[in-house]
Every structure is written in structure tokens, then in C-alpha cells.
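Student: Pasting a structure below so you can have a look.
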């Protein structure tokens, strides 16, 4: 299975969904990791750190998307969409 990690696109997002140290663990489990060039830069992880751990670095998002099976992304602290917010209210019950 291939795991893809794109550059986060949410404004102001500095996190990356996968740190270099996890690449070797995923590879040992039989997964192949592809990361978009620069995906870890804002979090302090250069592409070289991912390469050293065995990841493949795609030069653009376009090179990443057509080949991925699973994606890892960060989710910002933003309000959920209205439909999901309603579902969350139902699940948590009134007054919680």
C-alpha cells in the first residue's frame, strides 16, 4: 500500500501529517511512503530527512495524487461543516 503526504493547504497550517521518524516504521510494516516536496518544511522537517528514512519525494502535488492509495492530512481547528455539526450534536445528546 502507498501512503501519500501532501503539503497542507489550509491557510496558516504549519503541521505535517507524518514526521520523518515514522517513515521507517511504516516501511517495516510494508507500506511505501510518498511525500510532496516541502510538505515538512514549515514543521522543521526538510525533504532530506524523509529521504534518509526511505520516503519518496514527489516534486509536485500533481505527481502525488494519481498514485496514492491512502492519504495523511492534518485537520485545522475549524468549525465542522453544518451537516457534520448537526450529527455531532445528535451523537453527544442535548446539553453535553
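Student: Can you name every residue in segment 7-37 that is within 18 Å of residue 65 (Cβ to Cβ) and loosely packed, with under 14 Cβ neighbours inside 10 Å?
Tutor: We begin by selecting, within segment 7-37, every residue within 18 Å of residue 65 (Cβ to Cβ); these are 7-10, 16-18, 31-37.
Of everything in segment 7-37, those that are within 18 Å of residue 65 (Cβ to Cβ) and loosely packed, with under 14 Cβ neighbours inside 10 Å turn out to be 9, 10.
Student: Hey, another quick one. Of 40, 4, which residue is buried (at least 21 other Cβ atoms within 10 Å of the Cβ), touching a helix residue (DSSP H, G or I) at 6+ places or on another chain (Cβ under 7 Å) and modelled with pLDDT of 90 or more?
Tutor: Values: 4 fails: modelled with pLDDT of 90 or more.
Matching residue, one of 40, 4: 40.
The values are calculated or read from the model by the stated rules, or taken from the named source; none is laboratory data. This is a predicted model, so every value here is computed, not measured. Using ideal geometry, Cβ is built from the backbone for each residue, glycine included, and neighbour counts are taken over all protein chains shown.
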